[in-house]
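All remarks here apply to the structure that follows.
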Amino acid sequence: MENQDTTQLRLTDTASTESDSRPVIIIPLDLCYGSASNLVEAVRGSLARPPERVTLDLGELRAMDSSGLKPLLEGRRLCEEAGVELALSSVSECVAKVLRMSRFDQLFDIDDTAIRSKTGRARPVTHREFTDWHSCEHVADSDPSLIGTLRESVAKVAMDAGVSDEELCDIRIAVGEALTNAYKHGSPNRGRSKISVRCMSCPESLAVEVRDEGPPFDADAVDDPDPAKMRDHGMGIYLMRQAMDVVEFRSGCPGNMVRMIKWLDPGKRSGEPR
């Protein structure tokens, strides 16, 4: 096996890469709005003395939304300009799904060997969990650091409902996009405007409502993104509709509300107590 001189960089590290021929940048937890900006600087730092290859290790990455596409695209552009290969490793099925949904997967040459497969239920279902309704509701100031916290509160309800890993991935993608849009477009007074999330689940479905205080808009007037233009923005609504079974928008209630529903496959629960 070929020996590789690698340095593992986290987004908060400032270690020099001048002696590294193949630096590895480890991306922890989330690559979402408010947590993605440091990736470009990490890539730029690794190119200070151009290596043979820069690898983005996604093994610890739990969630990525369309806001995470921008630094990936920018990192790819920087490497191309420097004549350096950019590789992705330990890609989760959830991250690969975002890239496929956004139709950017071919830009990063992801093959099946780079994807970490994971199947099954996100959490075992007990008799009480399977028969009861579960719900949560949170109201928070429009702070980008809270997007991940609110998204994971919905993910917990989904896991308690016994969703599959694939369903949980879809829910995380859609809820993250809805919350990011609520912050970016539905918070006229950043830090003071409110964003609310309501989630309800039963054995057949999971429903999530995200409300903001922004001006009305027509979701149907938003065009589907064109990957040929290498744009990361404008994908939120598109990814929500790809990930969930029902996506409905209402304006002037006051502000805006998006309701998303995921039908849960009863076949994945065969043999469970009813």
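Readers should treat all values here as calculations from the given coordinates under stated rules, not as data from a laboratory. This is a predicted model, so every value here is computed, not measured. A quick note on method: Cβ atoms are made from the backbone with ideal geometry, for glycine too, and the neighbour counts reach across all protein chains shown.
Work out from phi, with θ = phi - 60° and the Karplus expression 6.51 cos²θ - 1.76 cosθ + 1.60, the ³J(HN,Hα) of each residue of the stretch 45-62, listed in order in whole Hz, and give x for Gly and Pro.
Listing the rounded values in order: x, 6, 9, 4, 10, x, x, 6, 7, 10, 10, 9, 8, 9, x, 9, 6, 8 Hz.
What is the sum of charges, Lys and Arg at +1 and Asp and Glu at -1, for the other residues whose Cβ falls under 9 Å from the Cβ of GLU152?
Working: positive: ARG62, ARG151, LYS156, ARG172; negative: none.
Combined, the nearby Lys, Arg, Asp and Glu give +4.
Give me the net charge for the shell around MET257: Cβ to Cβ below 15 angstrom, other residues only, Lys and Arg +1, Asp and Glu -1.
With Lys, Arg at +1 and Asp, Glu at -1, the neighbours total -2.
Find how much the distance from ASP245 to ARG53 grows on full extension, using 0.36 nm per residue of separation minus their present alpha carbon separation; answer in nm with one decimal. Before the final figure, lay out the partial values.
Numbers: separation 192, 0.36 × 192 = 69.12 nm, distance 3.98 nm.
That works out to 65.1 nm of additional length.
What's the magnitude of the charge dipole for the stretch 146-196 around its Cα centre, counting Lys and Arg as +1 and Asp and Glu as -1 at the beta-carbon? Answer in Debye, nearest 20. Don't skip to the end; give the middle numbers.
Details: 7 positive and 7 negative charges, 120 e Å.
In total the dipole reaches around 580 debye.
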